[in-house]
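Some notes on the structure that comes next.
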Amino acid sequence: MNIYDVSKKAGVSIATISRVLNGNQNVSDKTKQKVLTVMEELGYTPNVFARGLGLNTMHTIGIMCSDSSDIFLANAVYYLEQALRKNGYEAFLCCTGYELENKRKYLRLLLSKRVDAVIMVGSHYLESAKQDNDYIMEAADEMPVMMINGYLSHPNIYCTLCDDYQAMFDAVCRLAGHGRKRFLFLYRSDSNSSRNKRRGFCDGLAHTGLPCSGASVRLCPDDILSVRDLLLSLYEEGCTYDAILTAEDSLAVAAVKFAGAAGLCVPKELEIVGYNNSLLCVCTEPELSTLDNHVETLSITTVAALMRILQGADVPNKTTISNDFIVRGTAY
């Protein structure tokens, strides 16, 4: 039995059950007694929501991160841990990698540690095949699951994300307004975030009357110099671009290196736009223009929502934050 069975039989929301378990005075005695009676009938033992009663809570939050060497993910983990600590919680970090079975294994591990909730950082946790997300939804039957930069519609899953699609769509329209006509989009993985950016890129081109062919979108190697060499080989084959947009800043760094090697003037001949507004943006010459998805805001908003959930408050299942175009030296 889980909290959803109690909710269904008692005819009240999960938030109401949480308020009962936390001793919230805003619940009537009648409702409180009904919830407690149903819990006894079903043999339900409270876990995550019993903070106020001190039952089985470790004041620990599990954080799942696919790759701690990724700048965006590492920054998110840092801001999450800082915010959790300010609220009296410790973090249990699991670096899961990208394989589905490892993600499942680490989520089971966190459940066994009886953490109060899990925060999944990055869109790599959202699988394209719907059934591959079942393990997340099953975990949400036992505790709150927070997702950063991914959206999954299911009770007790709460998502905080930036609108990657709209950010990339707007960036394409912006550069097309500068007279750019030969666009290239670079990405590194088939994550949900990359797919949304890719759609925004192609739809932005269509909106401005420009073609989006397979040659306009490139899946890239993992390291910067290999991407630089890929762009040089395309250039030598006659593929010339006057606008390069990327799914992350490291790919934009590679594009700047390519431009230098090819003798192209940035941004006059080639505009380059990164994504994430990471430290890498000020490590190139010229400095990178980029799309800022506000990793600090995403992280702090996620923790604030989680604290309200654990206190029995109603929280929307999806919170969307707008990106900003940061103008530096590689795009106008």
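The values are calculated or read from the model by the stated rules, or taken from the named source; none is laboratory data. Nothing here was measured: the structure is a model prediction, and the numbers come from that model. Using ideal geometry, Cβ is built from the backbone for each residue, glycine included, and neighbour counts are taken over all protein chains shown. What goes into the accessible areas is simple: the full protein's heavy atoms, side chains included, and nothing from ligands, DNA or RNA. Shrake-Rupley method; radii C 1.70, N 1.55, O 1.52, S 1.80 Å.
Key figures for this structure:
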quantity	calculated
Breaking point among (1) under 22 Å from Ala247 (Cα atoms); (2) open to solvent by less than 20 Å² (accessible area, probe 1.4 Å), for Gly62	(1)
Residue in region 274-283 that is among the small types (Gly, Ala, Ser) and either outside any loop (DSSP other than H, G, I, E, B) or surrounded by fewer than 20 Cβ atoms within 10 Å (Cβ to Cβ) (or both) present	yes
Ala304 hydrophobic (A, V, I, L, M, F, W, C), within 30 Å of Glu142 (Cβ to Cβ) and outside any loop (DSSP other than H, G, I, E, B)	yes
Residue in region 127-138 that is at pLDDT 95 or above, on the phi < 0 side of the Ramachandran plot and in contact with a Gly (Cβ under 9 Å, 6 or more places away or on another chain) present	no
Answer from Ala176, Ala117 - the residue that is more than 15 Å from the chain's Cα centre (by Cα), open to solvent by less than 10 Å² (accessible area, probe 1.4 Å) and in contact (Cβ under 8 Å) with a residue 12 or more places away in the chain	Ala117
Search result, residues across region 179-212 that are of a type in the set (A, V, I, L, M) and either in a loop (DSSP other than H, G, I, E, B) or at pLDDT below 95 (or both)	Leu210
Boolean, Ala255 is within 26 Å of the chain's Cα centre (by Cα), modelled with pLDDT of 95 or more and not basic (Lys, Arg)	yes
Region 60-84 residues that are over 15 Å from Val115 (Cα atoms), paired with ones that are among the charged types (D, E, K, R) (beta carbon under 7 Å, 6 or more apart)	Leu73/Asp67; Tyr79/Glu296
Selection status of Val77, more than 13 Å from the chain's Cα centre (by Cα) and open to solvent by less than 40 Å² (accessible area, probe 1.4 Å)	no
Number of the condition not met by Asp163 [criteria: (1) under 25 Å from Thr319 (Cβ atoms); (2) touching a strand residue (DSSP E or B) at 6+ places or on another chain (Cβ under 7 Å); (3) buried (at least 17 other Cβ atoms within 10 Å of the Cβ)]	(3)
Test: residue in region 130-150 that is free of Cβ contacts under 8 Å to residues at least 24 places away in the same chain and either open to solvent by less than 10 Å² (accessible area, probe 1.4 Å) or of a type in the set (Ser, Thr, Tyr) (or both)	yes
